[in-house]
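Beneath this line is the structure, given in structure tokens, with notes to follow.
Derivation of every value follows stated rules applied to the coordinates shown; laboratory data play no part. Since the structure is predicted, the reported quantities are computational estimates derived from the model, not experimental observations. Neighbour counts run over all protein chains shown; Cβ positions are idealised from the backbone, glycine included.
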Amino acid sequence: MAHEKAWAEYYVNNSRSDFKLIDDGYSDIDGSDKSNYNNYYDNQTLDLEYHESNFTTDDYCSSNYSHVYLNVTCQFPVNYAEPMYGYIAPFLLATTTVANTLIVVVLSRRHMRTPTNVVLMAMALCDMFTMLFPAPWLFYMYTFGNHYKPLSPVQACQAWNYMNDVIPAMFHTASIWLTLALAVQRYIYVCHAPVARTWCTMPRVKKCLIYIGIAAFLHQFPRFFEKEYVPHYTIWRGHREEVCRGKLASWLYSISVDGYFTAYFTFRVLFVHLIPCTSLVVLNVLLFRAMRTAQVNRQKLFKESRKTECKRLSDSNCTTLMLIVVVTVFLLVEIPVAVVTILHIISSTLMEILDYDIANKLILVTNFCIILSYPINFAIYCGMSRQFRETFKELFIRGAVTTRNGGSSRYSLVNGPRTCTNETVL
């Protein structure tokens, strides 16, 4: 059990794909590591009442008493969290909800239904739900200034845990795997077109999305049962209040807390962070090389006056470039999270190398950058896809008319029939 404290510290304050590394006091009052800290806290109520009534916020959060019940002020760097999640996040939520809803509406049009677009729609929904579920709590805590209050009753604490930690992490995990599926799909389209006719069909892609959703749910499923909240009475601002005290579930001790968290985070680092990010970097490089090769071939076809093939290659290159940009934006915000997660595991199991005060602030900012990236895809689609822009104008701009003649492309070569055009096909 040498590392139980470290795993528990990382996990209990985890939120939206492992974004917080905060000391949650999983040790005895003297600092020694013990697995029965839940039993220790069961006997602390009377002593705690005296101390809490005399503590300032800073004193309280730096003490061991702060970890007895759920108090968000002590879990987050409030000076950073309050402006980002209290004042900026509401605007980001509105922008993300509108932008991703528009993406789904546009891509769900009949002439836009392709295997690639189905994956893009699923990504938009997962990103939107990742932000929607914790939003009510973030607004309550930071926008309305209630972060300093102890949370109660028990049901509210459970809802906070599920909606701020477990469910967003599930959707974010699905979004990561969907991004990888998108890159793999595009690689097959570009580099192995004959195989794409068999493997990148609509039924197969839909099955893949279902499998990704099930896998993301199963990955997070144990987290619904890892923490238990029980009523706890304490003195807060001179009044006796019922709050809720969180503790790890008893079943974790029957199978070893250290073993469980080691298995969980090993899987998460490998299959949610390291392998997907590494694979996406490799696929991006391969797609970029294939795009450059196609550009050379396009110039040769243009000189030979083979305009049909030339325009097809141009269209395919535009689509590939757009998806490369989407994946690159994803990697820019995900790689820092993966790096800090790996550093934490090294710090927890081999040698202590992290300054957690700095790491907490860094990950909080990185988490915010991930949220900031959610509306960007809509701008990418509008800026780089003529087909997306035309469909958007038809749906939402009064008087906008798009000519649909024989030269209007609706499907990529591997997705269905199409003619030649310079517009990007999603």
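Here the Karplus curve 6.51 cos²θ - 1.76 cosθ + 1.60, taken at θ = phi - 60°, turns the phi angles of region 263-269 into couplings of 5, 4, 6, 5, 4, 5, 5 Hz, with x standing for Gly and Pro. Packing around the peptides 150-158, 247-255, 362-370, taken as the average count of other Cβ atoms within 10 Å per residue, puts them in this order, highest first: 362-370, 150-158, 247-255. Distances between placed amide hydrogens fall under 5 Å for Lys227 paired with Ala249, all partners being 5 or more residues away or on another chain. Put simply, the amide H of Tyr233, placed in the peptide plane, has neighbours under 5 Å in Val243, leaving out anything fewer than 5 places away on its chain.
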